[in-house]
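Comments concern the structure below.
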Amino acid sequence: GTLPDYACVLTFDDGFRNNLTLAEPLLAAHGFTATVFLPTDVIGTGELLWPDRLWLALKAEGADDARVAATLHACKALPRAEKDAFLADVAAQVRPPTPEDAAPFDLLDWDEVRAMQARGVMTFAPHSTTHEILSRCDDAEVRRQVADSVRAIAERLELTPRVFAYPNGRAVDFDERTRAALGAAGVPWAVSTIEGRNGPAADPLALRRTCVG
């Protein structure tokens, strides 16, 4: 009851550097703002997110798009330990990506995040610590992925996170354990990637989004 009709929120997942180089100036030129959801343990490390590492490895081996998509989909359904073992096996057999190949997947660092926050076009919120599929993690890891990412945003950016984005974000990718962890962390809202709009009866911990690829 507090929003205008047809209100829209713009969001970006993962914190890619092109949020700074491409999105921020375009949004500023049009007077828009957006929220960027960050996998907090990976920001500033120079590492890539695991789905992007796998994508690059498979493409380096000549896999077509259908095979890449199928493999990524299968990995997201594995328990975390099995997924990590598979990724390690792939990494041992495939050459590392060149900086040029990896560049589209580069993530922001914390200095860039703080500078963007100060300019006021982008705000930031947690997206887990390492982009794990939360429903595939054990109980302790679910709590850690939520609590530590919320804490990192609060401490590094001096703000109180009020919204969380589920990695991957389908209905099968989060569960009641995740909701409980968000409640314990004091986060009242969470966004999914379930397609659709939200009205007054929307589930605050499973807000829908319209995904733009």
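Testing residue 19 on (1) in a helix (DSSP H, G or I); (2) open to solvent by 40 Å² or more (accessible area, probe 1.4 Å), one condition comes back false. Which one is that?
Residue 19 satisfies every listed condition except (2).
Quick check on region 74-82. Is at least one of its residues open to solvent by less than 70 Å² (accessible area, probe 1.4 Å), under 18 Å from residue 39 (Cα atoms) and not aliphatic (A, V, I, L, M)?
yes
So in region 57-73, with the set limited to residues that are of a type in the set (Gly, Ala, Ser) and assigned to a helix (DSSP H, G or I), which one is surrounded by the most Cβ atoms within 10 Å (Cβ to Cβ)?
So, considering only residues that are of a type in the set (Gly, Ala, Ser) and assigned to a helix (DSSP H, G or I), the one surrounded by the most Cβ atoms within 10 Å (Cβ to Cβ) is 57.
The conditions are (1) hydroxyl-bearing (Ser, Thr, Tyr); (2) more than 17 Å from residue 124 (Cβ to Cβ); (3) not in a loop (DSSP other than H, G, I, E, B), and residue 2 fails exactly one of them. Which is it?
(3)
Results for (1) out of contact with any Asp or Glu (no Cβ under 9 Å at 6 or more places or on another chain); (2) over 24 Å from residue 44 (Cα atoms); (3) at pLDDT below 95, shown as yes or no for each residue.
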{"residue": "92", "(1), (2), (3)": "yes, yes, yes"}
{"residue": "96", "(1), (2), (3)": "yes, no, yes"}
{"residue": "102", "(1), (2), (3)": "no, no, yes"}
{"residue": "109", "(1), (2), (3)": "yes, no, no"}
{"residue": "114", "(1), (2), (3)": "yes, no, no"}
{"residue": "122", "(1), (2), (3)": "no, no, no"}
{"residue": "133", "(1), (2), (3)": "no, no, no"}
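May I ask you to list the residues in region 22-56 that are assigned to a loop (DSSP other than H, G, I, E, B) and of a type outside the set (Asp, Glu)?
If the condition is that a residue be assigned to a loop (DSSP other than H, G, I, E, B) and of a type outside the set (Asp, Glu), then 31, 32, 33, 39, 40, 42, 43, 44, 45, 46, 48, 49 are the ones that fit.
Of the residues 123, 98, only one is among the polar types (S, T, N, Q), touching a strand residue (DSSP E or B) at 6+ places or on another chain (Cβ under 6 Å) and either open to solvent by 50 Å² or more (accessible area, probe 1.4 Å) or without any contact (Cβ under 8 Å) to a residue 60 or more places away in the chain (or both); which?
123
Determine whether region 126-135 contains at least one residue that is in contact (Cβ under 8 Å) with a residue 12 or more places away in the chain, buried (at least 17 other Cβ atoms within 10 Å of the Cβ) and assigned to a helix (DSSP H, G or I).
Scanning region 126-135 turns up at least one residue that is in contact (Cβ under 8 Å) with a residue 12 or more places away in the chain, buried (at least 17 other Cβ atoms within 10 Å of the Cβ) and assigned to a helix (DSSP H, G or I).
Take the residues of region 173-192 that are of a type outside the set (Gly, Ala, Ser) and either without any contact (Cβ under 8 Å) to a residue 40 or more places away in the chain or part of a loop (DSSP other than H, G, I, E, B) (or both): which is most open to solvent (accessible area, probe 1.4 Å)?
Per the criteria, the residue is 176.
The values are calculated or read from the model by the stated rules, or taken from the named source; none is laboratory data. Given the structure is predicted, the values throughout are model-derived calculations rather than measurements. Glycine also receives a Cβ, built like all others from the backbone with ideal geometry; neighbour counts cover every protein chain displayed. These area figures cover heavy atoms from the full protein model, side chains too; ligands, DNA and RNA do not enter into them. Shrake-Rupley method; radii C 1.70, N 1.55, O 1.52, S 1.80 Å.
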